[in-house]
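I have placed the structure first, in the form of structure tokens, so that the comments after it can refer back to it.
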Amino acid sequence: MRSAARVLALLWAYALGVAEDVPRIERWELHSSLVDVRAVASDGQRLWVATGGGLFTYEPTTGQLNTIRRTEGLLVHDFTAVAADSSSGLVLAGAFDGTLEQRTVARWEHVLDIRNQPGIPDKRITAIALAGERAYVGTAFGIVVVNLRTQTLESWTDRLGAFPPATAVTALALWDDSLWVGTAVGLAVVQRAAIRDPSLWRSVLNAPISALCVSGGGLVIATANQVWRYADGIAVLLRQYEQPVIGLACIGERLFVATSGELWQLLPVERQLSTPVRTLTGLWGGVVAGTLCLTLAAPRDGLWYWDERSGQWSHVRPNSPHTNLLLSCAIDSAGILWCATDRTAGEGFACLYRGRWYAFTIDQYPQLGVAEYHRVAVPPSGSGAWLASWGRGFLRVMPADTGFVLERYDVSTTPLRGIPSDTLFLPIGELAFDGGGTLWGVCHWCVTGALVQRNASDGAIRSLLTALPPNQRQNYPLVIDPWGTKWFGSLVGEGLFFFREALGTTSELWGRLTSSHGLPNTVVSALAVDRNGMIWVGTPSGLAVVLNPSAVLMGAAPVVRPVSLLRDQAVYGIAVDVSNNKWLATDAGLWVVNPEATAVLIRITAENSPLPSNQVRSVAIEHQTGRVVVATRAGLAVLTTSARLPQARYTLQCQPQPFVPERDAVLTIDGLAEQSIVQVLTLEGLLVARLQTQSRTAYWDGRNERGEIVPAGVYVISALSLASGETAQTKVLVLRP
């Protein structure tokens with residue numbers, strides 16, 4: 001009976017035809033780093049903080065911290081300047097690419113005049129000064145005046161008096177009806193209405209300017225390691241410091257000065273103040289919620305806040321990663337998100353555990369040895385992760401009641417040896433687990449062998465594939481197919497290798513595929529095994545697929561098919577979802593293609609979505625929940641999608657109930673079994689719509705097959721599993737507004 005049901009199911013599917021199973025993106029989360037503080041402003045009640053991963057606000061009276069990224073309405077996230085007006089509540093934030101984000105009445109408007117200016121290589125916003133309806137914006141190429149009411153550019157100049165054209169602005173101040181502009185070559189001043197006339201600019205100091213502020217009827221100027229006061233046409237040296245001056249805060253008659261390692265009150269009396277950190281990168285000050293406050297920035301440490309009322313420093317650090325460079329991620333079976341950074345500019349690794357981000361850097365964990373932890377793999381079951389480093393072997397990290405436990409595997413703890421010129425330098429490429437739970441890794445250019453294995457049963461470490469010539473051991477990506485063959489790719493143009501260790505009476509097997517076999521490029525940047533056991537190969541010149549990888553076990557040459565889709569696109573990462581769709585990481589965003597890679601189902605870019613950057617470097621999918629982790633060079637995105645593993649048996653549910661198509665957009669049909677055909681029927685059994693999915697979830701937009709929204713009434717949702725023949729039904733009430 002069961003086989004008969006399957007035959008009927010297949011016949012029904014054939015009659016219906018097969019449609020593409022396009023995944024649906026239900027929700028976005030961004031996890032860009034908010035701990036690299038570039039600028040701070042106050043609207044009188046809260047602090048507005050500009051960082052390299054977005055904005056955040058902090059209200060000292062309540063301790064409330066709110067994060068603002070592209071998911072909250074911003075167009076960009078890499079901010080370099082911010083200003084706020086306490087009377088109007090207006091906030092203006094400037095970004096690295098020239099974008100200005102203006103907030104009025106809790107709404108963000110994007111001012112793109114600077115960003116869209118042609119022929120300017122560096123459009124970075126460096127400083128902002130607000131004056132009524134105008135904003136004076138310092139940039140990497142000069143001064144721009146923006147009308148805040150119309151959100152348009154009024155005027156701009158790249159000539160700051162006698163300074164060289166396109167001189168970058170480092171600081172701005174509005175004082176005595178004039179605009180004072182600090183640069184790396186000196187300080188200049190001009191009447192606000194005359195900024196476009198170079199002849200009306202006047203030079204005041206010929207020294208690099210790091211900060212400006214107005215105090216006590218004079219202008220305070222910070223140069224490299226000196227602080228000056230300018231009034232009545234005379235500049236007077238107030239103090240010289242041993243360290244570089246990195247910030248000023250003028251609050252009434254008080255003047256505060258921060259150097260790279262010290263904090264001073266210079267006026268009205270001079271005294272050194274204690275600081276909570278040794279290294280400082282910025283100082284800002286003002287009156288917030290009626291009390292004097294100072295804020296300090298430290299490297300990758302968020303903000304330190306001091307108010308006069310408490311006389312104590314408070315640490316304001318958003319719950320975010322310590323860096324935006326999270327390029328390899330995986331979710332373990334306990335739901336912990338683990339992310340590695342980079343092999344050339346590494347910053348350790350990070351994890352999101354129980355809703356909180358944790359950083360693993362050399363400063364916090366000296367036993368890491370190096371910062372270049374660049375690839376992550378998670379075991380088939382349990383929590384924890386394995387991290388590959390570029391120089392110190394690999395590392396196991398596990399959460400514990402008291403923190404995290406780290407175990408390092410390098411030349412001091414294993415028989416492994418590194419590169420020929422320095423055998424202590426042990427670079428490990430990608431890591432992967434086989435079906436038995438044994439860990440495998442690529443040992444890049446190692447004298448002891450091309451692959452490393454950690455046995456699942458006893459933890460023994462050994463090298464394999466010692467017969468591969470040393471010049472062909474410069475490899476990186478790795479996958480293991482369903483037959484236990486290890487496939488790994490070359491970083492230097494040697495192609496795609498395969499290896500099967502000796503088992504019983506079967507001898508060790510290895511070989512290589514190159515462009516003569518059909519690879520579009522012999523540099524291999526990404527590998528993945530799909531749900532049919534095929535090997536997908538990403539290269540700088542597009543994709544290829546090994547159609548029959550098991551052929552190598554029989555001594556035959558496998559068939560390699562170059563993929564014409566995305567033919568000239570560099571592919572850095574490949575992930576396969578429950579419907580066998582391929583998610584591809586490229587420099588042109590994230591592409592989702594159908595199982596055969598003959599059609600693009602979705603293309604996600606920074607222009608059409610909250611994606612932090614088009615430079616996507618890897619994709620990881622948690623099949624149980626449908627979460628897709630997209631790692632870019634500017635931060636991390638986590639997408640909740642419909643690409644979830646189906647259930648073993650039907651538990652059919654529909655939400656919302658009742659369903660109003662014009663209001664709700666889609667009806668979510670959840671609890672589907674494997675390979676489901678879903679039909680929407682009238683109570684009389686007439687077909688309204690039909691869907692097909694490999695996922696646990698399907699969606700109906702409330703329309704019939706002619707594209708018309710259906711009349712109000714009760715409809716039957718009927719599902720059939722092509723895999724088991726099981727059926728299920730439920731009902732939904734459709735209402736019209």
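You can think of it this way: the chain between Thr150 and Glu270 has 38.7 nm of extra reach, that is 0.36 nm per residue less the Cα-Cα gap. Computed over all pairs of different Cα atoms, the Kirkwood value for the hydrodynamic radius of the chain is 29.2 Å. Estimated from helices alone, the mean residue ellipticity of the chain at 222 nm is -500 deg cm²/dmol (sum of -39500 (n - 2.57) over DSSP H runs with n ≥ 4, per residue).
Taking a ≥ b ≥ c as the square roots of the eigenvalues of the Cα gyration tensor, segment 73-139 is prolate, since a/c reaches 1.5 or more and a/b is larger than b/c. Under the combined filter of DSSP loop state and at most 15 neighbouring Cβ atoms within 10 Å, segment 633-729 retains these GluC sites (Glu not before Pro): Glu684, Glu705, Glu708.
In terms of its C-alpha gyration tensor, segment 374-492 has an oblate overall shape, because the principal axis ratio a/c (a ≥ b ≥ c, square roots of the eigenvalues) is not below 1.5 and a/b does not outweigh b/c. Within the shell defined by Cβ-Cβ distances under 13 Å, the residues around Tyr373 carry a net charge of 0, with Lys and Arg each +1 and Asp and Glu each -1. If you put +1 on each Lys and Arg Cβ and -1 on each Asp and Glu Cβ, how big is the dipole of segment 119-202 around its Cα centre, in Debye rounded to 20? Around 100 debye, computed over segment 119-202.
Which FRET efficiency, nearest 0.05, do Ala231 and Arg567 yield, Cβ-Cβ r, R0 41 Å?
About 0.05, to the nearest 0.05.
Comparing Cα centroids, segment 195-253 and segment 382-448 end up 53 angstrom apart.
Using C-alpha pairs below 8 Å separated by at least 6 residues, the relative contact order for segment 27-247 is 9 percent. In plain terms, the chain is cut at each of the trypsin sites (Lys or Arg not before Pro) found in a DSSP loop with at most 10 other Cβ atoms within 10 Å, and the longest leftover piece is 355-705.
Can you tell me how segment 569-640 classifies by the Cα gyration tensor, rounded, prolate or oblate, using a/c under 1.5 as the rounded cut? Oblate shape, in that a/c is at least 1.5 and b/c is the bigger or equal ratio.
Restricting the calculation to Cα atoms, segment 27-247 shows an Rg/Rh of 0.97 when the hydrodynamic-style radius is the Kirkwood one. Among the GluC sites (Glu not before Pro) in segment 461-527, those placed in a DSSP loop whose Cβ has at most 14 other Cβ atoms within 10 Å are Glu508. Evaluating kT/(6 pi eta Rh) at 25 °C and 0.890 mPa s, with the Kirkwood radius of segment 232-349 over Cα pairs in the Stokes-Einstein relation, gives 145 µm² s⁻¹. Efficiency by 1/(1 + (r/R0)^6): what FRET value for Ala193 and Thr104, r their Cβ-Cβ distance, R0 = 30 Å, to the nearest 0.05? FRET efficiency, Ala193 to Thr104: 0.75. Placing a label point 7 Å from the Cα of Ser507 along the Cα-to-Cβ line, the residues of segment 456-483 whose backbone N sits under 19 Å from it are 464-469. Magnitude of the charge dipole for segment 27-247, about its Cα centre and with charges confined to Cβ atoms of Lys, Arg (+1) and Asp, Glu (-1), is about 80 debye.
Relative contact order of the chain: 8 percent, from C-alpha pairs under 8 Å at least 6 residues apart in sequence. For a 4.7 Å threshold on C-beta separation, the list of partnerless cysteines in the chain reads Cys293, Cys351, Cys654. With viscosity set to 0.692 mPa s at 37 °C, what whole-number translational diffusion coefficient in µm²/s follows for segment 438-489 from Stokes-Einstein and a Kirkwood radius over Cα pairs? The calculation lands on 290 µm²/s.
The alpha carbon centroids of segment 261-283 and segment 520-587 are separated by 57 Å.
Computed across segment 607-737, the Kirkwood hydrodynamic radius from all distinct Cα-Cα pairs reaches 16.1 Å. Return one number: the angle in degrees, 0 to 90 and rounded to the nearest 10, between the long axis of the Cα atoms of helix 2-16 and the longest principal axis of the Cα atoms of the chain. With rounding to tens, the tilt is 60 degrees. Derived scalar couplings between HN and Hα for segment 113-128 equal 4, 5, 4, 8, 5, x, x, 10, x, 10, 10, 4, 7, 10, 7, 9 Hz in order, rounded to whole Hz, by the Karplus curve 6.51 cos²θ - 1.76 cosθ + 1.60 (θ = phi - 60°), x for Gly and Pro.
Where a number appears in this text, it was derived from the coordinates with a stated rule and is not lab data. Small disclaimer: the values here were computed from a predicted structure and weren't measured. All Cβ positions, glycine included, derive from the backbone under ideal geometry; neighbour counts span all protein chains shown.
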